[in-house]
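**Student:** Please read through the structure below; I'll follow up with questions.
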Amino acid sequence: MSGWDEGAVYYSDQAQFPESGSDAAAATPSRHTILRKFKEFIRNFENDKNVFPYRESLIDNPRSLLVHLEDLLAFDTELPSLLRSSPSDYLPLFETAAAEVLQSLRLKEQGESGEMKEPETREVQILLSSKEDPVSMRLLGAQYISKLIKIAGITIAASRVKAKATYVSLVCKNCQSTREVPCRPGLGGAIVPRSCDHVPQTGEEPCPIDPWIVVPDKSKYVDQQTLKLQENPEDVPTGELPRNMLLSVDRNLVQRIVPGTRLTIIGIYSIFQAANSSASQRGAVAVRQPYIRVVGIEEINESSSRGHAAFTIEEVEEFKKFASRTDAYEVICSKIAPSIFGEENNLPDGVKLRGDINVLLLGDPSTAKSQFLKFVEKTAPVAVYTSGKGSSAAGLTASVIRDSSTREFYLEGGAMVLADGGVVCIDEFDKMRPEDRVAIHEAMEQQTISIAKAGITTVLNSRTSVLAAANPPSGRYDDLKTAQENIDLQTTILSRFDLIFIVKDKRDYGRDKTIASHIIRVHASADRTSSNGRAFAPKEENWLKRYIQYCRTECHPRLSESASSRLQNEYVRFRQDMRKQANETGEASAVPITVRQLEAIIRLSESLAKMKMSHVATEADVVEAVNLFKVSTVEAAQSGINQQVTLTPEIKQAETQIKRRLGIGMRISERKLIDELARMGLNESIVRRALIVMHQRDEIEYKHERRVIVRKV
C-alpha cells in the first residue's frame, strides 16, 4: 500500500482522450517542476537592495514564512496563478519546498561550522500576503470555492484553541496492524478506510468491516482556532443585516486575534458539513456550509483603524495646503451637517470625531439631533449607529455565546468593540435601561471592556467616541425646572461626557421663518444645500472623511507651556464658579466639574490643533476649547431656574394672588393652590413660575416632597 502513503495516483488516459489529455499535460507542469520552482524562488529571489529576503527570513524564523504574491509574480508568472486556482494542491507543495530549503540551509551552516549533526526536519507554514483589493463578503459564491480569496472585516468572535489532527493513527482490532491516515486541513476530517488490507493466513479469521480504532496518543496534531468575521459596518448597505463568515486558523496564526480587531485575510474558500445541522439538512448530501481556511492575516493597526489609510501625493499636498489656511477651523465647521440650519456658535462641536471625545446632545424634539448623528455615522470612516431602547448591555459591550457544536463558550463583541477606533452613535440615550447604561461606564472612561463570564476573563479594546442624543424626562426642555430635573441622568455618566449641549427649540418668528425656508430649499433642490446657501457635493463629504483620517494618522499634538498654565487657571476658575453656584442655590450642580472635565478640555485643545495639522496645541487652541466647554457643559450645568427669571406682569399678578391666598405661616397643598388660582383665570405655568420665583427669594418653602407649600415669615 505504498501508493496510499504517497497520496498520488498516476494513470494514462491517452486511449480515451488523446487530444485533451495531452493539452492538459502540456499546459500544467508536473508537481516536481513546481516544487523545484518554489525552491528556486525561496533561495534566489532578491529585492532591489540585493538582499535575499525569503532565505534570510527562513533562517531567522523557521516556523513560518510570509510570502508576498507580488514577489512571486515578479519571479514566475505561472506560480501565483496556480496558487490562486488550486491552493489546496500547491500550498502543501510550497511548504514542502520551504522545509527542504530550510534543511539544506542548516546543513550548509553546519558544514561551515564543522558540525555534522543531522538537522531536524521541521514543517514550515507558508503565509501569503497580497496588495490586491479585497472581495466583498456579499459577492462570495460557488465560483470561489477552492480558490484563493481576500476579504476584509471585523472579528466578532474567537473560539478557544483546539487540537486538530493532521495524521490519525489507526490500529486494526482484529490483526493489530497499524496505519496512518492523513486528515484534510481546515475543518475537514479524516477518511478512514472501511476494510483492513491485511491478507489473512490459512486458518486465520479475516478482518471484519470497519475494523479500525483511532489511537489518539500516536496521532499528530496542530493548534487550530475558529474566528467569526463580520462585514465592516461602513460596508453594510442601508437596511441590510451584516454578513459574517466562519474562519479557520491553525499553527502560527492561532491566538493572534481578539474580538473587535479589523482584519484583511487571505484564505481558501472551502466547505464543510456542519455537525449541528438538522436531520433534514443531513439528508441533503450535496449541501455544505462555507468557511475560509486562512493562509494569511493582515491586521489593521491602530493608526489606520478608521479604514484604509493610503493617501496619494496629491491628497497630502491638498490637506497640507488646507491646514495652512487661517480659516481652516471655520471651513471644517461649515462642512459638518450642512443640511441642518442653526446658529454659528453651535457648530464647532465637529471635534467630536476625535476618537476619545464623548458628546451628549440633550434637548427638544425636532432639533435635528438624530440627523446630526446620522451625518456623523456617514462621515466617520468607522461608525456604529444604535438606538438606546433597542440596545442591551451585552449588545453594547460583549456577550458570551455557547457554540452549538462544541458546547464551549466564546466571546462575541458588541457595538463598542466593533467601533474600536471610531464613533458609536447612540440615539434615544435617555430611553436606555439604567442597568444597560451602566455597562458602558468603563468603555467611556478607560476605553476597555472587562469580561468575567462563564470562565472567560479578558479585556477588550473599545477606543471609541460616544455621540449620544437624549430628550429631557418631560419630552421638552422645561425652563421652569432645575437642571437636575431636566438632565435626568446619573452624575457618573454625565461626568464621562466631555461636551454636553443643550439644544432648545426657541420660538422666534424670524428664526422660524429662516429655518422653514432653508428646509424647503433643501427638499426642493436637487443638490444638498448648506446653511450659507452653497451646494454641498458628496465629493466634499468624502473629502472631509479623508481629511479627518489623515489628521488622525499623521498628527499627534501636545500642549505648550503657556497653554498648560492657561488651562490650569481656567479649570480652577470653573471649579470656583460651580462651588459658588452650589452655595447660592443650596443644590449640587447637575453636571459635576471634575478632573475628567480638565482632561476633556485637554483633548479638545489637542483636537483643535490636529484639525490644523499643528504638532503643538497653543494657547489659542486652549481658549477655543474653553469657549466650547463654556457654551456646552457649563451652560448645561447652569441651565434651568438657576438662571435669573424675568418678572413679567403676568408673573407679578400671580405672585400677588398667591400672597393674598396664603398668609404668613400658613400652609397649603401645591395642587390645591394651583387649582384655585386656575379657576380665577390664571395660567398654570405662570403660577408655577411665580412659585419658583418666590422659592428663590426664600419667601416660601416646600415640604413633604414638594407637595405642601409653607409661607415663610
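**Student:** Would you be able to tell me the number of residues in region 444-491 that are of a type outside the set (D, E, K, R), more than 22 Å from the chain's Cα centre (by Cα) and either part of a loop (DSSP other than H, G, I, E, B) or modelled with pLDDT of 75 or more (or both)? Don't jump to the end; show me each part of the working.
**Tutor:** Going residue by residue through region 444-491, those that are of a type outside the set (D, E, K, R) are 444, 446-452, 454-462, 464-475, 477, 480, 482-484, 486-487, 489-491.
Imposing the further condition that a residue be more than 22 Å from the chain's Cα centre (by Cα) reduces the set to 454-455, 470-475, 477, 480, 482-484, 486-487, 489-491.
Next, from what is left, pick out any that are either part of a loop (DSSP other than H, G, I, E, B) or modelled with pLDDT of 75 or more (or both): 454-455, 470-475, 477, 480, 487, 489-490.
Residues that pass the stated criteria total 13.
**Student:** Here's something else I'd like to know. In this structure, is G296 surrounded by 20 or more Cβ atoms within 10 Å (Cβ to Cβ), modelled with pLDDT under 85, assigned by TED's automatic domain parsing to the domain that holds R184 and touching a strand residue (DSSP E or B) at 6+ places or on another chain (Cβ under 6 Å)?
**Tutor:** Details: surrounded by 20 or more Cβ atoms within 10 Å (Cβ to Cβ): yes; modelled with pLDDT under 85: no; assigned by TED's automatic domain parsing to the domain that holds R184: yes; touching a strand residue (DSSP E or B) at 6+ places or on another chain (Cβ under 6 Å): yes.
Considered against the rule, which asks whether it is surrounded by 20 or more Cβ atoms within 10 Å (Cβ to Cβ), modelled with pLDDT under 85, assigned by TED's automatic domain parsing to the domain that holds R184 and touching a strand residue (DSSP E or B) at 6+ places or on another chain (Cβ under 6 Å), G296 comes out as no.
**Student:** Still on this structure: Can E180 be described as in a strand (DSSP E or B), in the same structural domain as G260 (by TED's automatic domain parsing) and among the acidic types (D, E)? Step through it out loud before you land on a result.
**Tutor:** Details: in a strand (DSSP E or B): yes; in the same structural domain as G260 (by TED's automatic domain parsing): yes; among the acidic types (D, E): yes.
So E180 passes the test.
**Student:** Could I ask something else about it? Looking at region 418-446, I want the residues that are surrounded by 24 or more Cβ atoms within 10 Å (Cβ to Cβ) and have a partner that is aromatic (F, W, Y) with Cβ atoms under 7 Å, at least 6 apart or on another chain. Which pairs are those?
**Tutor:** Cβ pairs passing all conditions: C425/Y385.
**Student:** A further question on this structure: Tell me, which strands (runs of 3 or more DSSP E) lie completely within region 373-423 with 3 or more residues that are modelled with pLDDT of 75 or more?
**Tutor:** On the way: elements: 383-387, 398-402, 409-413.
It comes to 383-387, 398-402.
**Student:** In region 7-47, what residues are modelled with pLDDT of 70 or more and either acidic (D, E) or outside the structural domain of F75 (by TED's automatic domain parsing) (or both)?
**Tutor:** Step one: filter region 7-47 for residues modelled with pLDDT of 70 or more, giving 29-47.
Passing the criteria: E40, E46.
**Student:** If I go through region 674-708 residue by residue, how many of them are touching a residue at least 24 places away in the same chain (Cβ under 8 Å), of a type outside the set (K, R) and within 17 Å of T648 (Cα to Cα)?
**Tutor:** 11
**Student:** Also, I was wondering about something else. Looking only at residues that are surrounded by fewer than 19 Cβ atoms within 10 Å (Cβ to Cβ) and under 21 Å from the mean Cα position of the chain (by Cα) in region 318-372, which one is modelled with the lowest pLDDT?
**Tutor:** Step by step, filter region 318-372, then rank; the result is D356.
**Student:** Tally the residues that are within 16 Å of G267 (Cα to Cα), surrounded by fewer than 20 Cβ atoms within 10 Å (Cβ to Cβ) and among the aliphatic types (A, V, I, L, M), restricting the search to region 60-81.
**Tutor:** Residues in region 60-81 being within 16 Å of G267 (Cα to Cα), surrounded by fewer than 20 Cβ atoms within 10 Å (Cβ to Cβ) and among the aliphatic types (A, V, I, L, M): 1 in total.
So that you can scan it fast, the table gives a plain yes or no per residue for (1) modelled with pLDDT under 85; (2) within 24 Å of T226 (Cα to Cα); (3) assigned to a loop (DSSP other than H, G, I, E, B):
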| site | (1), (2), (3) |
| --- | --- |
| T121 | yes, no, yes |
| E132 | yes, no, yes |
| T155 | yes, yes, no |
| L170 | no, no, no |
| P200 | yes, no, yes |
| E204 | yes, no, yes |
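**Student:** Could you tell me which numbered condition R711 fails, if it satisfies all but one of (1) touching a Gly at 6+ places or on another chain (Cβ under 8 Å); (2) of a type outside the set (A, V, I, L, M, F, W, C); (3) surrounded by fewer than 15 Cβ atoms within 10 Å (Cβ to Cβ)?
**Tutor:** It fails just one condition, (3).
**Student:** Counting only residues that are polar (S, T, N, Q), crowded, with 21+ Cβ neighbours inside 10 Å and part of a strand (DSSP E or B), how many does region 231-268 have?
**Tutor:** Adding up the residues that qualify gives 1.
**Student:** With (1) under 28 Å from the mean Cα position of the chain (by Cα); (2) at pLDDT 75 or above; (3) buried (at least 17 other Cβ atoms within 10 Å of the Cβ); (4) not assigned by TED's automatic domain parsing to the domain that holds A443 as the list, and G307 as the residue in question, which single condition is left unmet?
**Tutor:** In the conditions (1) under 28 Å from the mean Cα position of the chain (by Cα); (2) at pLDDT 75 or above; (3) buried (at least 17 other Cβ atoms within 10 Å of the Cβ); (4) not assigned by TED's automatic domain parsing to the domain that holds A443, G307 misses (2) alone.
The values are calculated or read from the model by the stated rules, or taken from the named source; none is laboratory data. All values derive from a computational prediction rather than experimental measurement. Glycine also receives a Cβ, built like all others from the backbone with ideal geometry; neighbour counts cover every protein chain displayed.
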